[in-house]
Amino acid sequence: MSRRKDRSPSRPDAVNVTHLVERCRRFGPGERFVLWVKGCPLQCPGCHNSAFLPFVYSEWMTIRDLKRRILATGGLEGVTFAGEPFAQARALGILAQRIRRAGLSVMVYSGHTVEQLVSGIEPYAMWLLYSADLLMDGPYCQELPTQKCWRGSDNQRLIALSTRYANEVAAWNLPVGQDFEIRVRADGTLEVLGIPPAALSAREGTS
């Protein structure tokens, strides 16, 4: 089982959120609402989001409030959970089911492999797997650069968890090239979404 020490407590009714992007095409098919959770037990060397790794309080957002905000965005293909969502699998599983009932798709990233998740490495992992359409699995390995879409390293696999994208997944696992975008935040700082070239990634934090 995954080590639980040094983790902030989880809640069944809320998610410890560290970052939200309401519209993005760099983390799954179509235009997506992207939610990064706070806290990851894997601590992969070279992680693009090292500030998101500690298990500390960021912002508790209830399932109800997150659902309302997502559905109010409009024009979305779906929602993507990033960071290490399986560390908060119980609440995110509930949110995922409600989002899917509203007609949106759900994609989930994890540094664990699907085999580890099925074995129970994280509590409620099967609940979240059952509630999602796509899983991007595997740890980030900085020595394995990739040209496959939506992922940071070549070992990571995109896996269909439902029939929604079953016919497209094989093509999305081919080396078709990476994509990223740069946005200017309200405070004037830059935000990089997606997987930029290594030289840019070294200068600017990416999401």
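The values are calculated or read from the model by the stated rules, or taken from the named source; none is laboratory data. Being a predicted model, the structure only gives us computed values, none of them experimental. Positions of Cβ are generated from backbone atoms using ideal geometry, with glycine treated the same way; all protein chains shown enter the neighbour counts.
Condition check ((1) modelled with pLDDT under 90; (2) in contact with a His (Cβ under 9 Å, 6 or more places away or on another chain); (3) within 20 Å of Gly138 (Cβ to Cβ); (4) crowded, with 18+ Cβ neighbours inside 10 Å) across all residues:
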| position | (1), (2), (3), (4) |
| --- | --- |
| Leu20 | no, no, no, no |
| Cys40 | no, no, yes, yes |
| Gln43 | yes, no, yes, no |
| His48 | yes, no, yes, yes |
| Pro54 | yes, no, no, no |
| Gly83 | no, yes, yes, yes |
| Gln88 | no, no, yes, yes |
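Yes/no per residue for (1) at pLDDT below 75; (2) farther than 18 Å from Met107 by Cα; (3) touching an Asp or Glu at 6+ places or on another chain (Cβ under 7 Å); (4) among the small types (Gly, Ala, Ser):
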position	(1), (2), (3), (4)
Asn173	no, no, no, no
Arg183	yes, yes, yes, no
Asp187	no, yes, no, no
Glu191	yes, yes, no, no
Glu204	yes, yes, no, no
Ser207	yes, no, yes, yes
(1) touching a Leu at 6+ places or on another chain (Cβ under 6 Å); (2) in a loop (DSSP other than H, G, I, E, B); (3) free of Cβ contacts under 8 Å to residues at least 60 places away in the same chain: which one isn't true of Cys40, the others all being true? (3)
What number goes with the only condition from (1) modelled with pLDDT of 95 or more; (2) under 21 Å from Phe55 (Cβ atoms); (3) surrounded by fewer than 19 Cβ atoms within 10 Å (Cβ to Cβ); (4) not hydrophobic (A, V, I, L, M, F, W, C) that Thr163 does not pass? (2)
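Do the conditions hold for Arg69, that is, is it more than 22 Å from Leu129 (Cα to Cα) and touching a Leu at 6+ places or on another chain (Cβ under 9 Å)?
Values: more than 22 Å from Leu129 (Cα to Cα): yes; touching a Leu at 6+ places or on another chain (Cβ under 9 Å): yes.
For Arg69, the condition - more than 22 Å from Leu129 (Cα to Cα) and touching a Leu at 6+ places or on another chain (Cβ under 9 Å) - is met.
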Considering the range 78-106, residues that are aliphatic (A, V, I, L, M) and assigned to a helix (DSSP H, G or I), and then whichever is nearest to Ser131 (Cα to Cα), we arrive at Ala96
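Taking the range 183-193, which residues are outside any loop (DSSP other than H, G, I, E, B) and without any contact (Cβ under 8 Å) to a residue 12 or more places away in the chain?
Arg183, Val184
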Against the condition part of a loop (DSSP other than H, G, I, E, B) and at pLDDT 95 or above, how does Gly75 come out, does it pass? yes
Please go through the range 127-160 and pick out each residue that is assigned to a helix (DSSP H, G or I) and loosely packed, with under 15 Cβ neighbours inside 10 Å. Tyr130
